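Each remark here refers to the structure printed beneath this line.
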Amino acid sequence: MKALTNINARSIAEAVAAASEAAATGREFAFSGGGTDLLQQIKDGTNKADVIINLRAVRDARAVSVSTTETLIGGLITLTDLAGHAALSDQWAVLREAAASVGTPQIRNVATLAGNVTQRPWCWYYRNGFHCFKAGGTQCFSVNGENQQHAIFGGGPSFIVHPSDLAPALVALNAAFEVTGPGGQRRMSAADFFVLPNQNPARENALVATEILTGVRMPTPAAGVVSTYLKITDREAWTHAEVSVAVVLHVDGDRIRTAGVVLGGVAPIPWRLTEVEHFLSGTSLSAAVAGQAGALAIANARPLAKNGHKLPMTSAAVERALMRLAPA
């Protein structure tokens, strides 16, 4: 492996300044929170960084602040801390469960919220040296190749799937993403943060090179909000979702007032099921309603030649997740 320059930043401002300096001198750089994916990318050549800006000494982007109306979670909080944080009560089940589902305990101990949300895709063509869209090329080899794990929603011209477990949960919770760069801090909705391939096939989010995802801000769940995260994988641990679903329901009596239903593992971005959300609003949750929601979840899916198995998986995942939240 090539020699790398390591910079231990002590603050977000210092990290952004180091990135700007590296860019100005023509060097490739990368931010490293936990580094669980970055090291592999450097090894396999999908990341060309010469300079690693280490964020582990940055303490001011790990806090959790909960008020009656709004919650702020620092982007550098580890997944272990996020899954078990005392300030995040049962109302935050979807986020805690998503964090707890990632990888192994060793990975969760160092991996961060920001790193999980902004990790690059695990498509085997991209990760194994093919000159595809994600690597700056002009085609997606999965279209006519091995596409068992690829997108059934939102694909084209690239059919990767977004690998984050936290991202669907954050979208379902209507989070806003706080980003810090040389020009200061800006905030954007999930709809603006995540980018489809038809907008930019080389990127999965709207970050520019010298920006860092420093936190997420979202409404604190009201009384009556219940949520869950369900993940289906092809093995027990250290793997990404074949299909996942984050569900957030605001229940008033026996009726659903509002619903957030967002899929993971099936699209290049966290995939919001707006039709399912509208269907659920005003209903009383039951096995029949959950089954109808599961069927509706795949109405607009467009599978490739080898990933049709994701359709019944997706339908079942939505149905099962909803039934977890049904009244006893």
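Each value in this text was obtained by applying a stated rule to the coordinates, not by laboratory testing. Please read all numbers here as calculations on a predicted model, not as lab measurements. Positions of Cβ are generated from backbone atoms using ideal geometry, with glycine treated the same way; all protein chains shown enter the neighbour counts.
Summary of computed values
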quantity: Value in Å of the Kirkwood radius, where the range 1-112 supplies the Cα pairs that are averaged; calculated: 15.4
quantity: Max mean-square fluctuation residue, GNM over the chain, Cα-Cα springs under 10 Å, options ALA293, ALA190, ALA23; calculated: ALA23
quantity: Options ALA316, ALA23, THR78, ranked by Cα towards positive dipole end of the chain, top entry (Cβ charges); calculated: ALA23
quantity: Column: log10 I(q)/I(0), Debye, Cα scatterers of the range 123-221, q = 0.15, 0.16, 0.19, 0.22 Å⁻¹; calculated: -0.69, -0.77, -0.97, -1.13
quantity: Measure of compaction for the range 47-103 (Cα Rg per 2.2 N^0.38 Å); calculated: 1.36
quantity: Cα-based shape type of the range 206-300, given that a ≥ b ≥ c are square roots of the gyration tensor eigenvalues and the cut on a/c is 1.5; calculated: oblate
quantity: Radius of gyration, Dmax [the range 41-187; alpha carbons; angstrom]; calculated: 17.3, 51
quantity: Cα extents of the range 173-246 along the three principal axes, largest first (Å); calculated: 41, 37, 24
quantity: Cα lying deepest toward the dipole's positive end in the chain, options PHE130, PRO168, GLY294, charges on Cβ; calculated: PHE130
quantity: √(5λ) per eigenvalue of the Cα gyration tensor, the range 194-235, largest first, Å; calculated: 28, 20, 11
quantity: Dipole-positive endmost among MET218, LEU304, ILE256 within the range 201-328 (Cβ charges, Cα centre); calculated: LEU304
quantity: Dipole magnitude of the chain about its Cα centre (Cβ charges: Lys, Arg +1; Asp, Glu -1), debye to nearest 20; calculated: 380
quantity: The range 248-328 pair-distance distribution - Cα-Cα, 5 Å bins, rounded %; calculated: 3, 16, 28, 25, 14, 8, 4, 1, 0
quantity: Difference of contour (0.36 nm per residue) and Cα-Cα distance, LEU4 to TRP122; calculated: 40.1 nm
quantity: Rg ratio (alpha-carbon, reference 2.2 N^0.38 Å) - the chain; calculated: 0.98
